[in-house]
Amino acid sequence: MSHALDRETPLRREQFYGRRRGRPLRTGQRERQAQLLPQLSFALPAAGPLDPFSLFDFSPEQIWLEIGFGGGEHLAAQADHHPEIGFISCEVFENGVARLLGEIDHRGLRNIRIFADDVRPLLAALAPRSIGRVFTLFPDPWPKPRHHKRRLVAPATLDRLADIMIDGAELRLATDDTSYLSWMLEQATIHPAFSWTARRPVDWRERPEDWPATRYEEKARRAGRRPAFLRFERLPRRIV
């Protein structure tokens, strides 16, 4: 059964993200945004699923999705290290998009596409079994209990990720908030489509070598908070 989010229904007022803009962009950032963003952004189809492979001018081996890429340093490093992979990235914060565009320009990356808006319409549009890996790193923890419904890692999102991910795909989550860590583990470990891959504490207490650091991790460590790095496998679908 598909758990697609309804694109025809107005989105609920609760949002997963905070502000959309920070400090005014510098002149170079504005120019880069005007030149590069139209080339790298994409629109969702009016009807029918979105084939993410069609967004690239080469044939990616897989498509990986990063939800909320922040400053883009993790995404750019992954894309640089994996030119054979097509990366779809989602971020509403204008300054974060501008920083990613700077990384793309500096590194000469051609395997990133950007959706600069709320991720829910994108998740609703993506074709089933089209995504090989998903990253959600240091999402807003929404610490107040009345805001927990805004947390990105939740049953509805996990349901949709299970639909769009291929069998064996990896879901990577990171947080430095102890309450959100407990929440993530509770939500993901009880979901029938996912299995936590950790076998010993070091598997989630230490960042794997193929997992580039982000500014949020560095900020957390400076503040004395210890990040957690969670990896889940999309279990094989049952053959009916």
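The values are calculated or read from the model by the stated rules, or taken from the named source; none is laboratory data. No experiment lies behind these values; they were computed from the predicted model shown. Cβ sites come from the backbone with ideal geometry, for glycine too, and all protein chains shown count toward neighbours.
Please count how many residues of segment 102-147 are closer than 29 Å to T178 by Cα and over 16 Å from the mean Cα position of the chain (by Cα). Within segment 102-147, residues that are closer than 29 Å to T178 by Cα and over 16 Å from the mean Cα position of the chain (by Cα) number 6.
When segment 89-113 is limited to residues that are touching a residue at least 40 places away in the same chain (Cβ under 8 Å) and not in a helix (DSSP H, G or I), the one that is nearest to S41 (Cα to Cα) turns out to be R113. Filtering segment 114-137 to residues that are outside any helix (DSSP H, G or I) and either surrounded by fewer than 18 Cβ atoms within 10 Å (Cβ to Cβ) or hydroxyl-bearing (S, T, Y) (or both) leaves D117, D118, A127, P128, R129, S130, T136. Are any of the residues in segment 188-205 farther than 11 Å from F229 by Cβ, within 18 Å of the chain's Cα centre (by Cα) and in a helix (DSSP H, G or I)? Looking through segment 188-205, at least one residue is farther than 11 Å from F229 by Cβ, within 18 Å of the chain's Cα centre (by Cα) and in a helix (DSSP H, G or I).
Table: residues versus (1) under 16 Å from the mean Cα position of the chain (by Cα); (2) part of a loop (DSSP other than H, G, I, E, B).
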| position | (1), (2) |
| --- | --- |
| Q35 | no, no |
| P38 | no, no |
| A43 | no, yes |
| S54 | no, no |
| D57 | no, yes |
| P60 | no, yes |
| W64 | yes, no |
| G70 | yes, yes |
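Taken across segment 163-175, residues that are at pLDDT 95 or above and in a helix (DSSP H, G or I) do occur, with at least one present. Checking the structure you have, find out if any residue of segment 218-232 is in contact with a strand residue (DSSP E or B) (Cβ under 6 Å, 6 or more places away or on another chain), part of a loop (DSSP other than H, G, I, E, B), more than 22 Å from E186 (Cβ to Cβ) and not charged (D, E, K, R). No - not one qualifying residue is present in segment 218-232. Taking (1) over 20 Å from R120 (Cα atoms); (2) surrounded by fewer than 20 Cβ atoms within 10 Å (Cβ to Cβ); (3) under 19 Å from the mean Cα position of the chain (by Cα); (4) hydrophobic (A, V, I, L, M, F, W, C) in turn, A156 satisfies each apart from (1). Taking only pairs six or more apart or across chains, which ones have beta-carbon atoms under 8 Å, a first residue in segment 125-137 that is closer than 16 Å to G68 by Cα, and a second residue that is part of a strand (DSSP E or B) and among the acidic types (D, E)? If the second residue must be part of a strand (DSSP E or B) and among the acidic types (D, E), the pairs left are R133/E170; V134/E66; V134/E170; F135/E66; T136/E66; L137/E66.
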